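Every number in this text was worked out from the coordinates using simple rules, so none of it is lab data. This structure is a prediction, so every number in the text was calculated from the model and none was measured. Neighbour counts run over all protein chains shown; Cβ positions are idealised from the backbone, glycine included.
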């Protein structure tokens, strides 16, 4: 019995040692995982292209009658201005991000990312001037009134925007990752269309001018649709370089406004004589490069290790 025990004990110790070594190797492999696993923080910089389709229509109705000097076109004149433009602007852009990623055993990468995106996203039209000088008097005294309508419109998104994306991809090599992203952009779109109508009455010398103004403005909190492509390449154990292209669609926003039109010369006021209807559709495209740092052991272990050192 004693000889049997002496033979079994070394065998059991050897078996346990082999099992422990196997488990340690397995645990080490699991702990190592993919270089794209875990929580990460990142920073990027690049270029943003802002595109806006703006359609602004302004109508002005006003009276030019004065006693017997009624115009050949009747008591009410009309002047219209229409802006239909596509605007492209390029701006610098930057982003700070935090996210989490995991590469499965089937080489499918799944992740999520929250980012603060900083960029100018403004679009404004040039001033549009429409002039009407065809308001003749019946007595042959020449034109009673000249009218000029000016309109300027802009669409503006907030400088700071929060983005939330899902990321889905795969590895090309052990050090390189490609992915597609799909998510939402949280921003606010503001539209402003300024119109001024100037009526100059020439029956007296010097002539009398009257200016009426309309400031049509509106804003809307919106959720834009984001989709894009990107890639990462391992530089060190925890540091990766990344490249991203993202297209964001913000949809369509409408505004409208009305204002009265006054004419000092004939002492008339046309109620709601100045009207504006504007819509804007906006999207952006960004190309950015940057760096991300992966905390493979998790943030809690990292901060615990930092406090101990």
Roughly how many whole Å is it from the C-alpha centroid of segment 155-176 to that of segment 183-262? 24
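Using the count of nearby Cβ atoms within 10 Å as a rough guide to exposure, how do 284, 211 rank from fewest to most?
On the way: 284 26, 211 14.
If I rank by nearby Cβ atoms, fewest first, I get 211, 284.
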